[in-house]
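All remarks here apply to the structure that follows.
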Amino acid sequence: MKNREDIICGYHILEVLGSGGQGTVYLAEHEVLQRKYALKYAYGAEREQLRREADVMKALTDRRIPYLVDQIETKDVSVLVMEYVEGIGLDAYLKERVPLEEDKALALLQQITEIAAYLHEQKGIVAHRDLKPANFVIAKDGSLHLLDFGTALTGMESLHRHDTCGTPGYAAPEQMQGGRSGMEADVYAIGAMYAYMLTGIEPTLPPFHPAGADEWPDSVSVESKALLKEALDPVKEKRPQDAVCLLEKIEAVKKRKRLLWPVLERMLYQTILVMDTMTASVLVWLRYRETPVERAEMICGGITLVVLLWCALRGMFGPKRRFVVAREWNVTYTAKEMWGL
């Protein structure tokens, strides 16, 4: 470690954060600023790939992606100095909790897809090509962050470049076969993560593919199963073509679930109300059972009839909305030339 400190003056190496085919990442502290950063080292042939990664990252401004602090080049090594996101890896988080309930998995899926959609909406179109739980970190404030852009390509590069990349199990078939891979490969990886969250079956273990339809729990909704089938289609042209399209489908699934739940909630509420009414009627009958039968039956029947009529009318017309559904505003802005905010 002494040699590395001599190479990168001003940074004190603390520990290894991770290592892979695209380089080694260290946690380091700046000697003057006393702030921690993530330093990614690359040697030999890996140096060119690190420079490409820097070109991709320097154009990204979303706070869910670590910002690039500096790029250092020496005779023997290339180093990227990046923001250090302190938190727990999504892989470690899921390992202790899978399988997740569908609503929780869907909420997490939406966060992942929103980050990918940001990349796909960039002017140059960025395809990450290695989306997996190990490349996401849940920060202390609960926000999700995407790391490691070592295999990322811009739009034009993904149209012409043939290579094998990604992680088996999360990588799309065209990636493992050395074909052209871009945004559709990211969609496949997101689908593989969703399948893992719902089933707990780890794609990176033999036979190295996401859980199939026969392994999806019966409790998973029809809408989620349809979403998985589209995202995990082996033919990339049949998948949603980017994360933006996938995000729209996720929103549609959540909307249908929201529409269904109020109906079930109302039915449950009315069922409980009827049961309570019947119980009250029985108690009234027991109270007046020593009185003439006609009087007890009349009281019980009257209570039951009134409540059932109220339930029918409530179900027919529905509860009144006590909030504003929509409001239109007419605002006139005046342009002024000034400095500051």
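Quick note: the coordinates plus some simple rules give every number you see, no bench work behind them. As the structure is a computational prediction, the values presented were derived from the model and not from experiment. Cβ placement follows ideal geometry from the backbone for every residue including glycine, while neighbour counts extend to all protein chains displayed.
Over 20 Å from A189 (Cβ atoms) and without any contact (Cβ under 8 Å) to a residue 24 or more places away in the chain: is that true of G10 in this structure? Yes, satisfied.
Within the stretch 54-93, the set of residues being farther than 20 Å from T24 by Cβ, among the hydroxyl-bearing types (S, T, Y) and in contact (Cβ under 8 Å) with a residue 40 or more places away in the chain comprises just one member, Y93.
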